[in-house]
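Written out below as structure tokens is the structure these notes cover.
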Amino acid sequence: MAEKVLMKGNEAIAEAAIRAGCMHYFGYPITPQTEIAAYMAKRMPKIGGVFLQAESEIAAINMVYGVAGTGFRVMTSSSSPGISLKGEGISYLAGADLPALIVNVQRGGPGLGGIQPSQSDYFQATRGLGHGDFHLIVMAPASVQEMADMTAKCFDLSDKYRVPAMILADGTLGQMMEPVVLPEPTEYKPDKPWAVTGTNCERKHNIINSLYLKPEELEKTNFERFERYKAIEENEPLWEEFMMDDAEICVAAFGIAARVSKNAIMAAREKGIKVGMIRPITLWPFPKKPFKAAADKCKAFISVELSMGQMIEDVQLATECKVPVTLCNRAGGMIPSPEEVLEAIERAAGGNK
Amino acid sequence: MATTQILIAGFGGQGVLFAGKCIAYKGLEEGKQLSWLPSYGPEMRGGTANCSVIISDTPVGSPIVSTPDVLTAMNLPSLDKYEDATAKGGKIFVDSSLIDRKVNRTDVDAYYIPATKLANDAGFPTLANMIMMGKMIKEAGFVSMDGMKEALSHVISAKRADMLDINLKAIEIGYNYEG
Amino acid sequence: MAVVFQKPKALTDAPLHYCPGCTHGIIHRLVAEAIDELGIEGKTVGVAPVGCSVMAYDYFACDMVEAAHGRAPAVATGLKRALPENIIFTYQGDGDLASIGMAETVHAATRNENITVIFVNNAIYGMTGGQMAPTSLPGQVTQTSPYGRDTATVGFPIRVSEMLSTLDGPEFIQRVAVNNVKNINAAKKAIKKAFQNQVEGKGFSLVEVVSTCPTNWGLTPQKALEWVEEKMIPYYPLGVYKDRSANKEEK
């Protein structure tokens, strides 16, 4: 087995990206994700890759757009306010069907907000990262190991479906160190007949584009893209079930909130409360199936979030509002403590007796 | 031992993150589950800094230490802030050259180490953090001293290899400190 | 029968959509001729802007990318970094390059990004129907400056070539016009040099082409050309603003 090393989550993403064959990184400094840029700045020149600190988040995402058009693997990373700036470029990536990886190490908002961890960009990531009808593949790691593994996975899925992918992490996961086994390095050789690499005067020109002035043509691209989204929704949802076998109460939490919730669930189990957790790993596609199934046997759901309650809407939709879903949350950079989650579990257990 | 939650706190520049990192690497060498989480942001320059380290035999849940089993306070604000949060039966380590009050809690074990003074006397004034760490390891036993040098070699860059022995010495001073 | 005149190979057969009297067609042709003469069509990737020339991707026969408004230099940077052996050019208007995309322009220039930028300055937003541009002249009447550009409230036009030439980064900056045969010939030479520079690895080369917009200027094609001579060129003097290699040779 490969060696376990101790790394920050941000660094694990950077190293895993390189090992997935991503040789192009464009970014702009912003806390709490700057370690990704710093790591790339150090490594890329030594392995013949490209690190470029762009003049803005907007420029960075458009540089990504340029590289993505050539078929090479490419990424950018930022934190919440910077991701808002990238929104335009992400919409263009989606409209031109270009694969790319965007990492959001979230911090509290809105506005300049703060620099402490948050999950308040859930809506932005899963609903509205730009104008127009589109989705990103969104993965939510909950450990440094997953920061590395999901980076590789995002590149693969993004290439497979020609849909940009996002890692939705937070400041805690970015800054913390844990042992991690890094994926084996791979060399990525693009094989994308649509890419712009020069016609060599041997084929008709390729065009990377999202402009369709004829509405019937634009509609066609939308329908075609949503066929791919449908395939993603069928094939790619990922989740973890924790102590769900006999659970009467179901905690829904992703990322760092799921880590905190595990402590609370263990404590609640010691008190004899039958509680478990479904942890969405892909946020889009949202893992509807396990929630729908759990709704038939659990009497209450608790959505634990570092936001004012965003994923809770997906939980309500997936459970078809059959049972009450309550919110246990902190916001603005605060993290719910295991005790707060335990209280919410106890309330849910007591309330329905 | 199941899980030890460690909080090391002090001023920025005292090396609290570094001490936590050394513990984390030692835990890694011993094949334990662990997490290391720093405070981050502007307070890293001069203000208070702290880091959460969890060493466990089972997978680590929340990496945030809110109820430390082991608290190391390297300045008064840190002791004021975290003393009450410390777990019942926990251990509090105080740098008594910088903090002139005693621990008020009676349901914890308190240890007073004049680490900054010991470090100055030994000729490496910046290594009070490592002296505190030595004492923590001795009393709390979440990692062992065996193979400490190898663990340190991961944290101290090859360029500063001369610092390795000095750090090890500081840890030993703390480990052997009685009083 | 001897062919004495033909369309450059680097242009497709798609009919151009530009208004009568618009000089985009001439500039497209000059770019395509330069590509043909340098024999680089097969390895060239062009970046189209948002503006009148948005559909340039249909007209050039090389691989093309359509960029977001103003972002062409950033997109070109990505392309060039991924494909250093290829030839990358952007084709941008004044709103695209000098307003919304000014940051991308300045920073690509200061990095001396080895790309070619064709900057078409016609002092107006054409595609959206004739609004004030960053290069609209003082007093110029547009849809959004209906009483004439009032420099007291909206400031002065930006002389892009002069401004960029103050940077240490860029290799080559020249302003040309396409309002008469003499100027067209000079423009051709400048555009070819801007591509040649990239082939030779010299760096950021920008040609500002003073152009027309008879439709939105409210002038006949003939009068528009006269307006270029009488109004535009005095404010935007033609010439080489920066040529690092030439300066080196002199020294």
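The values are calculated or read from the model by the stated rules, or taken from the named source; none is laboratory data. Please read these numbers as outputs of a predicted model, since none were measured by experiment. Cβ: placed from backbone, ideal geometry, glycine included. Neighbour counts: every protein chain shown.
Once region A:21-42 is narrowed to residues that are away from chain C (no Cβ under 11 Å) and assigned to a loop (DSSP other than H, G, I, E, B), the residue that is surrounded by the most Cβ atoms within 10 Å (Cβ to Cβ) is A:33.
Sort through A:304, A:260 and tell me the only one that's of a type in the set (Val, Ile, Thr), within 14 Å of another protein chain (Cβ to nearest Cβ), surrounded by 24 or more Cβ atoms within 10 Å (Cβ to Cβ) and not in a helix (DSSP H, G or I).
Values: A:260 fails: not in a helix (DSSP H, G or I).
Criteria check complete, one pass: A:304.
Whether any residue in region C:115-131 is modelled with pLDDT of 95 or more, within 25 Å of residue C:38 (Cα to Cα) and of a type in the set (Phe, Trp, Tyr) is what I want to check. Yes, that holds for at least one residue.
Checked against (1) more than 25 Å from residue A:228 (Cα to Cα); (2) more than 14 Å from chain B (Cβ to nearest Cβ), residue A:189 passes all but a single condition, namely (1). Within region A:241-275, being touching a helix residue (DSSP H, G or I) at 6+ places or on another chain (Cβ under 7 Å), under 27 Å from residue A:127 (Cβ atoms) and small (Gly, Ala, Ser) holds for A:252, A:253, A:255, A:261.
For region B:147-179, which residues satisfy the criterion of being at pLDDT 90 or above and not aliphatic (A, V, I, L, M)? B:165, B:167, B:169, B:172, B:174, B:175, B:176, B:177, B:178, listed by residue number. If you check A:43, A:19 for being assigned by TED's automatic domain parsing to the domain that holds residue A:143, out of contact with any Lys or Arg (no Cβ under 7 Å at 6 or more places or on another chain) and over 21 Å from residue A:169 (Cα atoms), only one passes: A:43.
Scanning region B:120-179 for residues that are in contact (Cβ under 8 Å) with a residue 60 or more places away in the chain and outside any helix (DSSP H, G or I) gives B:141, B:142, B:143, B:144, B:147, B:177, B:179.
Does residue A:93 satisfy the criteria of being touching a Phe, Trp or Tyr at 6+ places or on another chain (Cβ under 8 Å), surrounded by 23 or more Cβ atoms within 10 Å (Cβ to Cβ), assigned to a helix (DSSP H, G or I) and not charged (D, E, K, R)? Please lay out each step first, then the result.
Numbers: touching a Phe, Trp or Tyr at 6+ places or on another chain (Cβ under 8 Å): yes; surrounded by 23 or more Cβ atoms within 10 Å (Cβ to Cβ): yes; assigned to a helix (DSSP H, G or I): yes; not charged (D, E, K, R): yes.
In short, yes.
Given the condition touching a residue at least 60 places away in the same chain (Cβ under 8 Å) and polar (S, T, N, Q), answer yes or no: does some residue in region B:18-36 qualify? Checked against the condition, which is being touching a residue at least 60 places away in the same chain (Cβ under 8 Å) and polar (S, T, N, Q), region B:18-36 yields no hits at all. For region A:192-206, the candidate set comprises residues that are free of Cβ contacts under 8 Å to residues at least 24 places away in the same chain and within 7 Å of chain C (Cβ to nearest Cβ); within that set, the residue that is surrounded by the fewest Cβ atoms within 10 Å (Cβ to Cβ) is A:200.
When only residues in region C:103-112 that are buried (at least 24 other Cβ atoms within 10 Å of the Cβ) and under 18 Å from residue A:50 (Cβ atoms) count, which is nearest to the other protein chains (Cβ to nearest Cβ)?
To start, the set of residues in region C:103-112 that are buried (at least 24 other Cβ atoms within 10 Å of the Cβ) comprises C:104-105, C:108-109.
Those left that are additionally under 18 Å from residue A:50 (Cβ atoms): C:104, C:108.
Working: C:104: 5, C:108: 9 Å.
Filtering first and then ranking leaves C:104.
For region C:148-202, how many residues meet the condition of being among the polar types (S, T, N, Q) and assigned to a loop (DSSP other than H, G, I, E, B)? Don't jump to the end; show me each part of the working.
Residues of region C:148-202 among the polar types (S, T, N, Q): C:151, C:153, C:161, C:165-166, C:174, C:179-180, C:183, C:185, C:196-198.
Subset that is assigned to a loop (DSSP other than H, G, I, E, B): C:165-166, C:179-180.
The number of residues fulfilling the criteria is 4.
Would it be correct to say that residue A:73 is away from chain C (no Cβ under 13 Å) and either of a type outside the set (Phe, Trp, Tyr) or more than 30 Å from residue A:206 (Cα to Cα) (or both)?
Details: away from chain C (no Cβ under 13 Å): no; either of a type outside the set (Phe, Trp, Tyr) or more than 30 Å from residue A:206 (Cα to Cα) (or both): yes.
No: the conditions fail for residue A:73.
Tell me which residues, restricted to region A:328-351, are of a type in the set (A, V, I, L, M, F, W, C), surrounded by fewer than 19 Cβ atoms within 10 Å (Cβ to Cβ) and within 24 Å of residue A:246 (Cβ to Cβ). First the steps, then the outcome.
Initial filter on region A:328-351 (of a type in the set (A, V, I, L, M, F, W, C)): A:328, A:331, A:334-335, A:341-342, A:344-345, A:348-349.
Now drop any that are not surrounded by fewer than 19 Cβ atoms within 10 Å (Cβ to Cβ), which leaves A:331, A:334.
Across region A:328-351, there are no qualifying residues.
All conditions in (1) closer than 22 Å to residue A:15 by Cβ; (2) without any contact (Cβ under 8 Å) to a residue 60 or more places away in the chain; (3) in contact with a helix residue (DSSP H, G or I) (Cβ under 7 Å, 6 or more places away or on another chain); (4) within 14 Å of chain C (Cβ to nearest Cβ) hold for residue A:45, with the sole exception of (3).
How many residues, within region C:56-72, are within 8 Å of another protein chain (Cβ to nearest Cβ) and not charged (D, E, K, R)? Working first, answer last.
Going residue by residue through region C:56-72, those that are within 8 Å of another protein chain (Cβ to nearest Cβ) are C:57-58, C:60-68, C:71.
Now narrow it down to the ones that are not charged (D, E, K, R): C:57, C:60-62, C:64-65, C:67-68.
Residues that pass the stated criteria total 8.
Of all the numbered requirements in (1) buried (at least 24 other Cβ atoms within 10 Å of the Cβ); (2) without any contact (Cβ under 8 Å) to a residue 60 or more places away in the chain, residue C:91 misses one, and that requirement is (2).
I'd like the full set of residues that are among the β-branched types (Val, Ile, Thr) and either buried (at least 24 other Cβ atoms within 10 Å of the Cβ) or not in a loop (DSSP other than H, G, I, E, B) (or both), limited to region C:116-147.
Restricting attention to region C:116-147, the residues satisfying the condition of being among the β-branched types (Val, Ile, Thr) are C:116-118, C:120, C:124, C:128, C:135, C:141-142, C:144.
Matches in region C:116-147: C:116, C:117, C:118, C:120, C:124, C:135, C:142.
Among the residues of region B:102-145, the one identified as more than 23 Å from residue B:11 (Cβ to Cβ) and of a type in the set (Lys, Arg) is B:138.
Flag: residue A:105 does not match the condition of being of a type in the set (A, V, I, L, M), surrounded by 23 or more Cβ atoms within 10 Å (Cβ to Cβ) and farther than 27 Å from residue B:40 by Cβ.
Mind listing whichever residues of region A:48-70 are of a type in the set (S, T, N, Q) and either in contact with a strand residue (DSSP E or B) (Cβ under 9 Å, 6 or more places away or on another chain) or more than 10 Å from chain C (Cβ to nearest Cβ) (or both)?
From region A:48-70, those of a type in the set (S, T, N, Q) are A:53, A:56, A:62, A:70; that's our starting set.
Across region A:48-70, the qualifying residues are A:53, A:62, A:70.
Here residue C:100 clears all of (1) hydrophobic (A, V, I, L, M, F, W, C); (2) out of contact with any His (no Cβ under 6 Å at 6 or more places or on another chain); (3) over 24 Å from residue C:32 (Cα atoms); (4) within 13 Å of chain A (Cβ to nearest Cβ) except the condition numbered (2). When the residues of region A:263-272 are filtered to those that are part of a helix (DSSP H, G or I) and not hydrophobic (A, V, I, L, M, F, W, C), the one that is farthest from the chain's Cα centre (by Cα) is A:270. Candidates in region B:49-78 are the residues that are polar (S, T, N, Q) and either closer than 16 Å to residue B:99 by Cα or not in a strand (DSSP E or B) (or both); of these, the one that is farthest from the other protein chains (Cβ to nearest Cβ) is B:75.
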